[in-house]
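Visitor: Provided herewith is a single structure, encoded as structure tokens, for subsequent inquiry.
The values are calculated or read from the model by the stated rules, or taken from the named source; none is laboratory data. This is a predicted model, so every value here is computed, not measured. Ideal geometry is used to build each Cβ from the backbone, glycine not excepted, and the neighbour counts take in all protein chains shown. Ligands, DNA and RNA are excluded from the accessible area calculation, which covers all protein heavy atoms including side chains. Shrake-Rupley method; radii C 1.70, N 1.55, O 1.52, S 1.80 Å.
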Amino acid sequence: MLVADTHYYRTLAYTLDGQLCTDKQIGGVSGHSPGEFAFVTDTVCDSQGCFYVGEYGDSDRIQKFDPERNFLLQWGGTGNAHGQFVRPQSLVVRDHVLWVADACNHRIQCFDIREETPKLIN
């Protein structure tokens, strides 16, 4: 189970019986560089084992990590243009599509995550 630890700039992982998996944490450092976070909102895992982390604050972006939790890429940024976000709040992955609830823009944005750079599809 993945849990957004918003004000500590990280995602925590737990077993289903509630044991914290400290080796599976993503983040923990406040900042704007790759692998650093503002306020984490949600984390999901795709069928390849990659992780997508949404964050808001000064970043309003999605960061992608490989199965070993190494940073791969990021996209988004604060704004209301297609592909930008204002508080990407909730994430869902289904059939190679990342659905992002772009909360303060009052919309859902969908991205094809099979591409090296995710492609907006809506």
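Visitor: Just checking, which of 16, 20, 12 is touching a Cys at 6+ places or on another chain (Cβ under 9 Å) and either under 21 Å from residue 98 (Cβ atoms) or not charged (D, E, K, R) (or both)?
Guide: Just one listed residue meets the conditions, 12.
Visitor: Might you let me know whether segment 80-87 holds any residue that is on the phi > 0 side of the Ramachandran plot and at pLDDT below 95?
Guide: Pass one, segment 80-87, residues on the phi > 0 side of the Ramachandran plot: 83, 87.
Keeping just the survivors that are at pLDDT below 95 gives none.
No; the residues of segment 80-87 include none that is on the phi > 0 side of the Ramachandran plot and at pLDDT below 95.
Visitor: What is the number of the single condition among (1) farther than 23 Å from residue 115 by Cα; (2) in contact with a Gly (Cβ under 7 Å, 6 or more places away or on another chain) that residue 60 does not meet?
Guide: (1)
Visitor: What's the total number of residues in segment 63-90 that are touching a Pro at 6+ places or on another chain (Cβ under 7 Å), of a type in the set (A, V, I, L, M, F, W, C) and either within 13 Å of residue 4 (Cβ to Cβ) or open to solvent by 50 Å² or more (accessible area, probe 1.4 Å) (or both)?
Guide: Count: 1.
Visitor: Yes or no: residue 12 hydrophobic (A, V, I, L, M, F, W, C), surrounded by fewer than 13 Cβ atoms within 10 Å (Cβ to Cβ) and in contact (Cβ under 8 Å) with a residue 12 or more places away in the chain?
Guide: Here the answer is no, as residue 12 does not meet what is asked.
Visitor: Could you please let me know if residue 13 is among the small types (Gly, Ala, Ser) and in contact with a helix residue (DSSP H, G or I) (Cβ under 7 Å, 6 or more places away or on another chain)?
Guide: When the stated conditions are applied, residue 13 passes them.
Visitor: Mind counting the residues in segment 46-79 that are of a type in the set (Asp, Glu), part of a loop (DSSP other than H, G, I, E, B), modelled with pLDDT of 95 or more and touching a strand residue (DSSP E or B) at 6+ places or on another chain (Cβ under 9 Å)?
Guide: First, pick out the residues of segment 46-79 that are of a type in the set (Asp, Glu): 46, 55, 58, 60, 66, 68.
Right, trim to part of a loop (DSSP other than H, G, I, E, B) and you get 46, 58, 60, 66, 68.
Next cut, modelled with pLDDT of 95 or more only: 46, 60, 66, 68.
Keeping just the survivors that are touching a strand residue (DSSP E or B) at 6+ places or on another chain (Cβ under 9 Å) gives 46, 60, 66.
Result for segment 46-79: 3.
Visitor: If a residue has to be open to solvent by 30 Å² or more (accessible area, probe 1.4 Å) and out of contact with any Leu (no Cβ under 9 Å at 6 or more places or on another chain) to count, how many in segment 15-57 make the cut?
Guide: 18
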